[in-house]
1. Please work out if Phe432 is surrounded by 19 or more Cβ atoms within 10 Å (Cβ to Cβ), modelled with pLDDT of 85 or more and in a loop (DSSP other than H, G, I, E, B).
2. Checking the conditions here, which among Ala101, Ala122, Ala106 is touching a residue at least 12 places away in the same chain (Cβ under 8 Å), more than 24 Å from Val5 (Cβ to Cβ) and small (Gly, Ala, Ser)?
3. Taking the conditions exactly as written (in the same structural domain as Ala136 (by TED's automatic domain parsing), small (Gly, Ala, Ser) and buried (at least 18 other Cβ atoms within 10 Å of the Cβ)), does Ala310 satisfy them or not?
4. When you scan the range 217-230, how many residues do you find that are modelled with pLDDT of 95 or more and part of a loop (DSSP other than H, G, I, E, B)?
5. Taking only pairs six or more apart or across chains, which ones have beta-carbon atoms under 8 Å, a first residue in the range 143-157 that is in the same structural domain as Pro230 (by TED's automatic domain parsing) and closer than 14 Å to Arg203 by Cβ, and a second residue that is surrounded by fewer than 13 Cβ atoms within 10 Å (Cβ to Cβ) and hydrophobic (A, V, I, L, M, F, W, C)?
6. Based on what the data block shows, is Gly81 under 16 Å from Ala15 (Cα atoms) and surrounded by fewer than 19 Cβ atoms within 10 Å (Cβ to Cβ)?
7. Report whether or not Ser470 is in a loop (DSSP other than H, G, I, E, B) and either at pLDDT 85 or above or among the polar types (S, T, N, Q) (or both).
8. For the range 435-444, what are the residues that are part of a loop (DSSP other than H, G, I, E, B) and either outside the structural domain of Arg481 (by TED's automatic domain parsing) or not small (Gly, Ala, Ser) (or both)?
Amino acid sequence: MEPAVLTQALMRPTAYPHPVGKVSLIETHISQVFLAGAFAYKVRKPVHLDFIDLCTLAARKADCEAELELNCRMAPTLYLGLIPIVAGPAPRDVRVGGTGAALEYAVKMHRFRQRDLFCAMAESNRLTASHIETLAHRLAAIHLAAPVASANGGHGTPEQIAAVAEQVIARVAALASATDAATHLAALLHERAASLRPAFEKRLASGHVRECHGDLHLGNIALIDGVPTPFDCLEFDAGLRWIDTISDIAFLFMDLLHAGRQDLAYRLINTYLECSGDYAGLAVLPFYTALRAVVRARVLLEREHQRNVAGTSTAAEMATIQMRCVDLLALASVTLTRPPGAITLMHGLSGSGKSTVAQQLALGAAMVRVRADVERKRLPRSHLAAQGDLYTAEHTARVYGRLLAICRLGSAAGFPMIADATFLARKQRLRFASLAARRGVPFSIVDCNAGLATLRERIAARTRHGGDPSDADLQVLEWQRRVQEPLGSDEWRHVVRIGDAESTG
(Lines give C-alpha, C1' and ligand atoms only; values in the text may rest on other atoms or scores of the structure.)
Protein backbone atom coordinates (compact mmCIF):
# COMPACT_ATOMS: atom_id res chain seq x y z
CA MET A 1 0.00 0.00 0.00
CA GLU A 2 1.32 3.44 -0.92
CA PRO A 3 2.40 5.50 2.12
CA ALA A 4 -0.13 8.27 1.45
CA VAL A 5 -2.96 5.74 1.12
CA LEU A 6 -1.89 3.97 4.32
CA THR A 7 -1.81 7.29 6.17
CA GLN A 8 -5.36 8.09 5.06
CA ALA A 9 -6.55 4.63 6.08
CA LEU A 10 -5.00 4.91 9.56
CA MET A 11 -6.68 8.28 10.08
CA ARG A 12 -10.07 6.51 10.08
CA PRO A 13 -11.36 5.57 13.56
CA THR A 14 -12.77 2.32 12.13
CA ALA A 15 -9.24 1.02 11.50
CA TYR A 16 -8.74 0.38 15.22
CA PRO A 17 -10.08 -2.51 17.35
CA HIS A 18 -11.06 -0.23 20.25
CA PRO A 19 -13.20 2.91 20.68
CA VAL A 20 -11.70 5.89 18.87
CA GLY A 21 -13.26 9.31 18.49
CA LYS A 22 -10.82 11.22 16.32
CA VAL A 23 -7.38 10.16 15.14
CA SER A 24 -4.54 12.69 15.34
CA LEU A 25 -1.21 12.44 13.56
CA ILE A 26 2.28 13.44 14.67
CA GLU A 27 5.10 13.21 12.13
CA THR A 28 8.87 13.04 12.45
CA HIS A 29 11.41 12.63 9.67
CA ILE A 30 11.31 8.81 9.97
CA SER A 31 7.98 7.99 11.67
CA GLN A 32 4.27 8.70 11.93
CA VAL A 33 2.51 8.44 15.28
CA PHE A 34 -1.27 7.94 15.16
CA LEU A 35 -3.05 8.99 18.36
CA ALA A 36 -6.18 6.85 18.54
CA GLY A 37 -8.31 6.65 21.66
CA ALA A 38 -6.31 5.52 24.68
CA PHE A 39 -3.37 4.36 22.57
CA ALA A 40 -0.69 5.58 20.19
CA TYR A 41 0.63 3.65 17.18
CA LYS A 42 4.05 4.46 15.78
CA VAL A 43 4.60 3.50 12.12
CA ARG A 44 7.93 3.81 10.29
CA LYS A 45 8.17 5.68 7.01
CA PRO A 46 9.76 3.83 4.06
CA VAL A 47 12.68 6.26 3.93
CA HIS A 48 16.36 5.84 3.07
CA LEU A 49 18.63 8.45 4.67
CA ASP A 50 22.37 8.37 5.16
CA PHE A 51 21.90 7.08 8.72
CA ILE A 52 18.97 4.67 8.25
CA ASP A 53 17.39 2.50 5.56
CA LEU A 54 13.73 1.64 6.15
CA CYS A 55 12.77 0.89 2.57
CA THR A 56 11.73 -2.73 3.21
CA LEU A 57 8.96 -4.07 5.44
CA ALA A 58 11.46 -6.40 7.12
CA ALA A 59 13.70 -3.45 8.04
CA ARG A 60 10.75 -1.50 9.47
CA LYS A 61 9.61 -4.51 11.51
CA ALA A 62 13.11 -5.05 12.88
CA ASP A 63 13.32 -1.39 13.84
CA CYS A 64 9.99 -1.61 15.69
CA GLU A 65 11.21 -4.70 17.56
CA ALA A 66 14.41 -2.92 18.54
CA GLU A 67 12.44 0.06 19.84
CA LEU A 68 10.30 -2.17 22.05
CA GLU A 69 13.27 -3.99 23.51
CA LEU A 70 15.39 -0.93 24.19
CA ASN A 71 12.73 1.34 25.64
CA CYS A 72 11.69 -1.19 28.27
CA ARG A 73 14.76 -0.05 30.20
CA MET A 74 13.46 3.48 30.76
CA ALA A 75 9.71 3.35 30.09
CA PRO A 76 8.58 -0.25 30.79
CA THR A 77 4.90 0.61 31.32
CA LEU A 78 4.55 2.79 28.24
CA TYR A 79 5.28 0.26 25.47
CA LEU A 80 2.72 -2.49 24.79
CA GLY A 81 3.92 -4.49 21.79
CA LEU A 82 4.33 -4.95 18.04
CA ILE A 83 1.04 -4.78 16.14
CA PRO A 84 0.53 -5.86 12.49
CA ILE A 85 -1.50 -3.68 10.14
CA VAL A 86 -3.43 -5.79 7.62
CA ALA A 87 -5.75 -5.22 4.69
CA GLY A 88 -9.36 -4.48 5.54
CA PRO A 89 -12.52 -5.82 3.87
CA ALA A 90 -12.81 -2.83 1.56
CA PRO A 91 -10.28 -1.45 -0.93
CA ARG A 92 -7.89 1.13 0.55
CA ASP A 93 -8.96 -0.01 4.02
CA VAL A 94 -6.80 -1.44 6.82
CA ARG A 95 -7.21 -3.07 10.21
CA VAL A 96 -4.82 -2.51 13.10
CA GLY A 97 -4.12 -5.78 14.86
CA GLY A 98 -6.13 -7.96 12.47
CA THR A 99 -5.28 -11.33 10.96
CA GLY A 100 -3.66 -11.91 7.59
CA ALA A 101 -0.50 -10.81 5.87
CA ALA A 102 1.00 -7.68 7.39
CA LEU A 103 1.05 -4.61 5.18
CA GLU A 104 2.94 -2.69 7.87
CA TYR A 105 3.84 -2.83 11.57
CA ALA A 106 3.25 -0.42 14.41
CA VAL A 107 4.62 -0.04 17.92
CA LYS A 108 1.63 0.20 20.26
CA MET A 109 1.94 2.46 23.31
CA HIS A 110 -0.22 3.87 26.03
CA ARG A 111 -1.21 7.36 25.05
CA PHE A 112 -0.32 10.31 27.27
CA ARG A 113 -1.31 13.95 27.03
CA GLN A 114 0.87 15.94 24.65
CA ARG A 115 0.86 18.75 27.18
CA ASP A 116 2.82 16.42 29.48
CA LEU A 117 5.82 16.31 27.14
CA PHE A 118 8.72 18.25 28.63
CA CYS A 119 8.94 20.41 25.50
CA ALA A 120 5.32 21.51 25.98
CA MET A 121 5.84 21.98 29.71
CA ALA A 122 8.89 24.15 29.09
CA GLU A 123 7.02 26.25 26.53
CA SER A 124 4.12 26.88 28.92
CA ASN A 125 6.43 27.45 31.91
CA ARG A 126 5.18 24.33 33.75
CA LEU A 127 8.54 22.56 33.86
CA THR A 128 9.83 22.86 37.42
CA ALA A 129 13.08 22.44 39.29
CA SER A 130 11.63 19.34 40.94
CA HIS A 131 10.93 17.72 37.55
CA ILE A 132 14.51 18.35 36.42
CA GLU A 133 16.11 17.15 39.65
CA THR A 134 14.05 13.95 39.65
CA LEU A 135 14.98 13.33 36.02
CA ALA A 136 18.67 13.97 36.69
CA HIS A 137 18.64 11.42 39.52
CA ARG A 138 16.94 8.88 37.24
CA LEU A 139 19.36 9.44 34.39
CA ALA A 140 22.39 9.09 36.67
CA ALA A 141 21.04 5.74 37.90
CA ILE A 142 20.15 4.60 34.35
CA HIS A 143 23.62 5.44 33.08
CA LEU A 144 25.28 3.70 36.01
CA ALA A 145 23.35 0.50 35.25
CA ALA A 146 23.82 0.66 31.46
CA PRO A 147 26.10 -1.84 29.68
CA VAL A 148 29.67 -0.60 29.15
CA ALA A 149 31.22 -0.51 25.66
CA SER A 150 34.28 -2.65 25.10
CA ALA A 151 37.52 -0.87 24.30
CA ASN A 152 37.74 -2.54 20.87
CA GLY A 153 34.04 -2.45 19.97
CA GLY A 154 34.36 0.60 17.74
CA HIS A 155 31.97 2.77 19.77
CA GLY A 156 33.08 6.01 21.41
CA THR A 157 36.45 6.12 19.67
CA PRO A 158 37.90 9.49 18.62
CA GLU A 159 37.59 8.43 14.97
CA GLN A 160 33.93 7.46 15.33
CA ILE A 161 33.06 10.66 17.19
CA ALA A 162 34.80 12.83 14.59
CA ALA A 163 33.09 10.95 11.75
CA VAL A 164 29.63 11.47 13.26
CA ALA A 165 30.30 15.18 13.75
CA GLU A 166 31.51 15.60 10.17
CA GLN A 167 28.56 13.70 8.76
CA VAL A 168 25.99 15.72 10.69
CA ILE A 169 27.45 19.15 9.96
CA ALA A 170 27.90 18.25 6.28
CA ARG A 171 24.21 17.47 5.96
CA VAL A 172 23.28 20.70 7.77
CA ALA A 173 25.52 22.64 5.38
CA ALA A 174 23.74 21.01 2.44
CA LEU A 175 20.26 21.96 3.70
CA ALA A 176 20.76 25.22 5.59
CA SER A 177 20.66 28.66 4.07
CA ALA A 178 23.28 29.84 6.60
CA THR A 179 26.14 28.23 4.67
CA ASP A 180 28.86 30.51 6.12
CA ALA A 181 27.82 29.68 9.69
CA ALA A 182 27.75 25.97 8.89
CA THR A 183 31.18 26.11 7.27
CA HIS A 184 32.64 27.97 10.25
CA LEU A 185 31.09 25.51 12.67
CA ALA A 186 32.40 22.54 10.69
CA ALA A 187 35.93 23.87 11.14
CA LEU A 188 35.36 24.42 14.87
CA LEU A 189 34.01 20.91 15.37
CA HIS A 190 36.91 19.38 13.45
CA GLU A 191 39.46 21.35 15.45
CA ARG A 192 37.85 20.56 18.81
CA ALA A 193 37.43 16.86 18.01
CA ALA A 194 41.15 16.68 17.26
CA SER A 195 42.17 18.49 20.46
CA LEU A 196 39.88 16.31 22.58
CA ARG A 197 41.23 13.04 21.22
CA PRO A 198 43.07 12.16 24.48
CA ALA A 199 39.92 12.98 26.47
CA PHE A 200 37.77 10.77 24.22
CA GLU A 201 40.23 7.91 24.60
CA LYS A 202 40.26 8.32 28.38
CA ARG A 203 36.45 8.39 28.53
CA LEU A 204 36.26 5.12 26.59
CA ALA A 205 38.96 3.45 28.69
CA SER A 206 37.32 4.52 31.96
CA GLY A 207 33.95 2.97 31.06
CA HIS A 208 31.95 6.11 30.32
CA VAL A 209 30.88 4.96 26.84
CA ARG A 210 27.71 2.98 27.46
CA GLU A 211 24.41 1.98 25.85
CA CYS A 212 22.48 5.19 26.38
CA HIS A 213 19.19 6.71 25.22
CA GLY A 214 20.84 8.49 22.29
CA ASP A 215 18.05 10.99 21.56
CA LEU A 216 17.42 12.54 24.95
CA HIS A 217 15.75 15.87 24.20
CA LEU A 218 12.72 17.60 25.72
CA GLY A 219 10.36 16.04 23.18
CA ASN A 220 11.34 12.53 24.23
CA ILE A 221 10.58 12.92 27.93
CA ALA A 222 7.08 12.94 29.38
CA LEU A 223 5.54 13.21 32.81
CA ILE A 224 3.83 9.82 33.14
CA ASP A 225 2.00 9.11 36.39
CA GLY A 226 3.89 12.03 37.88
CA VAL A 227 7.31 10.59 36.97
CA PRO A 228 9.67 12.15 34.36
CA THR A 229 10.02 9.30 31.86
CA PRO A 230 12.44 9.16 28.90
CA PHE A 231 11.04 7.26 25.91
CA ASP A 232 11.70 6.77 22.18
CA CYS A 233 15.40 6.03 22.57
CA LEU A 234 17.51 5.85 19.43
CA GLU A 235 17.13 2.28 18.19
CA PHE A 236 18.17 2.32 14.53
CA ASP A 237 21.93 2.86 14.89
CA ALA A 238 23.95 1.28 17.69
CA GLY A 239 26.78 3.71 17.02
CA LEU A 240 24.53 6.64 17.91
CA ARG A 241 23.28 4.88 21.06
CA TRP A 242 26.55 3.49 22.43
CA ILE A 243 27.92 6.88 23.36
CA ASP A 244 29.51 8.81 26.20
CA THR A 245 27.03 9.28 29.02
CA ILE A 246 27.88 12.99 28.93
CA SER A 247 26.84 13.08 25.27
CA ASP A 248 23.49 11.63 26.33
CA ILE A 249 22.85 14.28 28.99
CA ALA A 250 24.24 17.02 26.71
CA PHE A 251 21.21 16.82 24.40
CA LEU A 252 18.84 17.73 27.20
CA PHE A 253 21.30 20.34 28.53
CA MET A 254 21.43 21.94 25.07
CA ASP A 255 17.67 21.76 24.61
CA LEU A 256 17.05 23.62 27.88
CA LEU A 257 19.57 26.29 26.91
CA HIS A 258 17.93 26.65 23.48
CA ALA A 259 14.50 26.91 25.15
CA GLY A 260 15.76 29.85 27.22
CA ARG A 261 15.81 27.88 30.48
CA GLN A 262 19.43 28.34 31.53
CA ASP A 263 18.40 27.92 35.16
CA LEU A 264 16.96 24.46 34.49
CA ALA A 265 19.90 23.53 32.26
CA TYR A 266 22.34 24.18 35.10
CA ARG A 267 20.09 22.56 37.65
CA LEU A 268 20.11 19.47 35.43
CA ILE A 269 23.88 19.35 34.97
CA ASN A 270 24.68 20.18 38.60
CA THR A 271 22.30 17.53 39.93
CA TYR A 272 23.49 14.93 37.44
CA LEU A 273 27.17 15.54 38.17
CA GLU A 274 26.59 15.50 41.91
CA CYS A 275 24.72 12.18 41.64
CA SER A 276 27.14 10.52 39.23
CA GLY A 277 30.40 12.09 40.38
CA ASP A 278 31.38 12.33 36.71
CA TYR A 279 32.93 15.81 36.84
CA ALA A 280 35.59 14.60 34.41
CA GLY A 281 32.82 14.75 31.81
CA LEU A 282 32.98 18.56 31.93
CA ALA A 283 36.00 18.34 29.62
CA VAL A 284 33.85 17.00 26.78
CA LEU A 285 30.48 18.57 27.66
CA PRO A 286 30.93 21.71 25.48
CA PHE A 287 31.80 19.60 22.42
CA TYR A 288 28.81 17.31 22.90
CA THR A 289 26.50 20.25 23.63
CA ALA A 290 27.53 21.84 20.33
CA LEU A 291 27.16 18.54 18.48
CA ARG A 292 23.67 18.08 19.89
CA ALA A 293 22.69 21.55 18.67
CA VAL A 294 23.87 20.58 15.18
CA VAL A 295 21.94 17.29 15.39
CA ARG A 296 18.78 19.20 16.33
CA ALA A 297 19.31 21.56 13.39
CA ARG A 298 19.77 18.61 11.05
CA VAL A 299 16.55 16.90 12.19
CA LEU A 300 14.56 20.12 11.69
CA LEU A 301 16.04 20.63 8.24
CA GLU A 302 15.48 17.00 7.17
CA ARG A 303 11.81 17.16 8.14
CA GLU A 304 11.32 20.46 6.35
CA HIS A 305 13.10 19.09 3.28
CA GLN A 306 10.67 16.15 3.22
CA ARG A 307 7.69 18.49 3.45
CA ASN A 308 9.12 20.74 0.76
CA VAL A 309 9.59 17.79 -1.61
CA ALA A 310 6.04 16.67 -0.87
CA GLY A 311 4.75 20.20 -1.52
CA THR A 312 3.22 20.53 1.96
CA SER A 313 5.53 23.27 3.30
CA THR A 314 4.94 27.00 2.96
CA ALA A 315 7.60 29.64 2.44
CA ALA A 316 6.90 31.04 5.90
CA GLU A 317 7.37 27.62 7.52
CA MET A 318 10.63 27.10 5.67
CA ALA A 319 11.88 30.51 6.79
CA THR A 320 11.01 29.72 10.41
CA ILE A 321 12.95 26.45 10.31
CA GLN A 322 15.95 28.19 8.75
CA MET A 323 15.91 30.81 11.53
CA ARG A 324 15.78 28.11 14.20
CA CYS A 325 18.72 26.48 12.47
CA VAL A 326 20.66 29.76 12.63
CA ASP A 327 19.95 29.98 16.38
CA LEU A 328 21.14 26.41 16.94
CA LEU A 329 24.34 26.94 14.96
CA ALA A 330 25.01 30.11 16.96
CA LEU A 331 24.49 28.20 20.23
CA ALA A 332 26.93 25.54 19.05
CA SER A 333 29.54 28.12 18.06
CA VAL A 334 29.31 29.98 21.38
CA THR A 335 29.57 26.72 23.30
CA LEU A 336 32.76 25.74 21.48
CA THR A 337 34.48 29.11 21.95
CA ARG A 338 33.85 29.87 25.62
CA PRO A 339 36.87 31.31 27.50
CA PRO A 340 38.09 29.63 30.70
CA GLY A 341 35.59 29.98 33.54
CA ALA A 342 35.89 31.98 36.75
CA ILE A 343 36.59 30.29 40.08
CA THR A 344 34.55 31.07 43.18
CA LEU A 345 35.06 29.78 46.72
CA MET A 346 32.45 29.62 49.42
CA HIS A 347 33.79 30.47 52.88
CA GLY A 348 32.27 30.14 56.33
CA LEU A 349 31.48 27.88 59.24
CA SER A 350 29.02 25.00 58.99
CA GLY A 351 25.48 26.36 59.11
CA SER A 352 26.42 29.79 57.75
CA GLY A 353 24.45 29.46 54.53
CA LYS A 354 27.15 28.46 52.04
CA SER A 355 25.25 25.70 50.26
CA THR A 356 22.10 27.72 49.68
CA VAL A 357 24.06 30.70 48.36
CA ALA A 358 26.21 28.43 46.19
CA GLN A 359 23.15 26.82 44.64
CA GLN A 360 21.57 30.21 43.96
CA LEU A 361 24.75 31.37 42.26
CA ALA A 362 25.07 28.18 40.21
CA LEU A 363 21.54 28.47 38.84
CA GLY A 364 21.42 32.24 38.46
CA ALA A 365 24.85 32.77 36.94
CA ALA A 366 25.23 29.50 34.97
CA MET A 367 27.95 27.95 37.13
CA VAL A 368 28.96 24.40 38.08
CA ARG A 369 29.06 23.69 41.80
CA VAL A 370 31.11 20.97 43.49
CA ARG A 371 30.40 20.26 47.17
CA ALA A 372 32.91 19.12 49.76
CA ASP A 373 30.13 17.44 51.78
CA VAL A 374 29.31 15.19 48.81
CA GLU A 375 32.86 14.53 47.61
CA ARG A 376 34.04 13.75 51.15
CA LYS A 377 31.80 10.67 51.13
CA ARG A 378 32.64 9.72 47.54
CA LEU A 379 36.40 9.46 48.04
CA PRO A 380 37.99 6.21 49.21
CA ARG A 381 38.38 6.45 52.96
CA SER A 382 41.47 6.20 55.09
CA HIS A 383 41.43 3.96 58.19
CA LEU A 384 40.16 6.70 60.50
CA ALA A 385 37.62 7.95 57.97
CA ALA A 386 36.37 4.39 57.52
CA GLN A 387 35.66 4.33 61.27
CA GLY A 388 33.35 7.31 60.88
CA ASP A 389 35.59 10.40 61.21
CA LEU A 390 35.41 12.08 57.82
CA TYR A 391 37.11 15.25 59.07
CA THR A 392 40.64 13.93 59.62
CA ALA A 393 43.42 16.13 58.25
CA GLU A 394 44.38 13.47 55.72
CA HIS A 395 40.87 12.96 54.39
CA THR A 396 40.15 16.70 54.36
CA ALA A 397 43.31 17.35 52.31
CA ARG A 398 42.19 14.75 49.78
CA VAL A 399 38.73 16.35 49.57
CA TYR A 400 40.19 19.79 48.83
CA GLY A 401 42.55 18.21 46.32
CA ARG A 402 39.58 16.76 44.47
CA LEU A 403 37.73 20.08 44.55
CA LEU A 404 40.80 21.79 43.09
CA ALA A 405 41.16 19.18 40.32
CA ILE A 406 37.48 19.50 39.38
CA CYS A 407 37.64 23.30 39.32
CA ARG A 408 40.81 23.18 37.20
CA LEU A 409 39.14 20.87 34.66
CA GLY A 410 35.78 22.66 34.62
CA SER A 411 37.31 26.12 34.29
CA ALA A 412 39.49 24.95 31.40
CA ALA A 413 36.34 23.67 29.66
CA GLY A 414 34.73 27.12 29.95
CA PHE A 415 32.50 26.61 32.98
CA PRO A 416 32.52 29.09 35.88
CA MET A 417 33.13 26.93 38.95
CA ILE A 418 31.98 27.14 42.58
CA ALA A 419 33.82 25.16 45.25
CA ASP A 420 31.34 24.75 48.10
CA ALA A 421 33.33 24.09 51.28
CA THR A 422 34.25 25.89 54.53
CA PHE A 423 37.71 26.96 53.27
CA LEU A 424 38.77 27.84 56.82
CA ALA A 425 42.46 27.13 56.12
CA ARG A 426 44.34 29.91 54.35
CA LYS A 427 46.58 27.49 52.45
CA GLN A 428 43.54 25.90 50.78
CA ARG A 429 42.18 29.27 49.71
CA LEU A 430 45.58 30.28 48.30
CA ARG A 431 45.78 27.11 46.17
CA PHE A 432 42.54 28.07 44.41
CA ALA A 433 43.59 31.73 44.13
CA SER A 434 46.86 30.60 42.55
CA LEU A 435 44.98 28.42 40.05
CA ALA A 436 42.79 31.38 39.03
CA ALA A 437 45.83 33.63 38.68
CA ARG A 438 47.67 31.11 36.49
CA ARG A 439 44.61 30.72 34.28
CA GLY A 440 43.95 34.46 34.18
CA VAL A 441 40.32 34.03 35.26
CA PRO A 442 38.28 36.00 37.82
CA PHE A 443 38.52 34.79 41.42
CA SER A 444 36.01 35.41 44.21
CA ILE A 445 35.49 34.39 47.82
CA VAL A 446 31.88 34.42 49.02
CA ASP A 447 32.08 34.86 52.78
CA CYS A 448 28.95 33.65 54.59
CA ASN A 449 28.29 34.67 58.19
CA ALA A 450 25.73 33.98 60.89
CA GLY A 451 25.62 34.35 64.66
CA LEU A 452 26.77 31.48 66.85
CA ALA A 453 23.27 30.79 68.16
CA THR A 454 21.96 30.62 64.59
CA LEU A 455 24.77 28.28 63.52
CA ARG A 456 24.05 25.92 66.40
CA GLU A 457 20.31 26.02 65.81
CA ARG A 458 20.67 25.19 62.11
CA ILE A 459 23.10 22.35 62.68
CA ALA A 460 20.89 20.84 65.39
CA ALA A 461 17.83 21.10 63.11
CA ARG A 462 19.77 19.51 60.23
CA THR A 463 20.82 16.63 62.47
CA ARG A 464 17.22 16.07 63.62
CA HIS A 465 15.72 16.13 60.13
CA GLY A 466 18.45 14.15 58.33
CA GLY A 467 18.87 13.95 54.56
CA ASP A 468 21.55 16.64 54.30
CA PRO A 469 24.92 15.69 52.76
CA SER A 470 26.79 17.43 55.58
CA ASP A 471 27.87 15.36 58.58
CA ALA A 472 29.13 18.38 60.50
CA ASP A 473 27.63 18.35 64.01
CA LEU A 474 28.01 20.72 66.94
CA GLN A 475 31.32 19.13 67.89
CA VAL A 476 32.68 19.77 64.38
CA LEU A 477 31.41 23.37 64.59
CA GLU A 478 33.36 23.97 67.78
CA TRP A 479 36.47 22.48 66.19
CA GLN A 480 36.01 24.75 63.14
CA ARG A 481 35.78 27.82 65.38
CA ARG A 482 39.11 26.94 67.01
CA VAL A 483 41.09 26.21 63.83
CA GLN A 484 39.67 28.76 61.36
CA GLU A 485 42.20 31.16 59.89
CA PRO A 486 40.86 34.65 59.15
CA LEU A 487 40.88 36.07 55.67
CA GLY A 488 44.09 37.96 55.02
CA SER A 489 44.41 41.53 53.80
CA ASP A 490 45.50 40.18 50.42
CA GLU A 491 42.26 38.18 50.16
CA TRP A 492 39.72 40.87 50.98
CA ARG A 493 39.79 42.37 47.51
CA HIS A 494 38.24 39.11 46.27
CA VAL A 495 35.58 38.87 49.00
CA VAL A 496 31.82 39.22 48.69
CA ARG A 497 30.18 39.12 52.11
CA ILE A 498 26.82 37.42 52.75
CA GLY A 499 25.39 38.07 56.19
CA ASP A 500 23.16 35.60 58.03
CA ALA A 501 22.06 33.62 54.94
CA GLU A 502 18.86 31.59 55.35
CA SER A 503 20.25 28.11 55.06
CA THR A 504 21.47 24.99 56.75
CA GLY A 505 24.59 24.89 54.50
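The values are calculated or read from the model by the stated rules, or taken from the named source; none is laboratory data. Bear in mind the structure is a predicted one, so any value in this text is a computation, not a measurement. Heads up, the Cβs are rebuilt from the backbone with ideal geometry, glycines too, and the neighbour counts pull from every protein chain shown.
1. no
2. Details: Ala101 fails: more than 24 Å from Val5 (Cβ to Cβ); Ala106 fails: more than 24 Å from Val5 (Cβ to Cβ).
Of Ala101, Ala122, Ala106, the one residue that is touching a residue at least 12 places away in the same chain (Cβ under 8 Å), more than 24 Å from Val5 (Cβ to Cβ) and small (Gly, Ala, Ser) is Ala122.
3. Numbers: in the same structural domain as Ala136 (by TED's automatic domain parsing): yes; small (Gly, Ala, Ser): yes; buried (at least 18 other Cβ atoms within 10 Å of the Cβ): no.
No; evaluated as a whole, the condition is false for this residue.
4. 1
5. Here the result reads Ala151/Ala205, each pair linking the range 143-157 to a residue that is surrounded by fewer than 13 Cβ atoms within 10 Å (Cβ to Cβ) and hydrophobic (A, V, I, L, M, F, W, C).
6. Values: under 16 Å from Ala15 (Cα atoms): no; surrounded by fewer than 19 Cβ atoms within 10 Å (Cβ to Cβ): yes.
In short, no.
7. Values: in a loop (DSSP other than H, G, I, E, B): yes; either at pLDDT 85 or above or among the polar types (S, T, N, Q) (or both): yes.
The answer is yes for Ser470.
8. Narrowing the range 435-444 to residues part of a loop (DSSP other than H, G, I, E, B): 440-442.
Of everything in the range 435-444, those that are part of a loop (DSSP other than H, G, I, E, B) and either outside the structural domain of Arg481 (by TED's automatic domain parsing) or not small (Gly, Ala, Ser) (or both) turn out to be Val441, Pro442.
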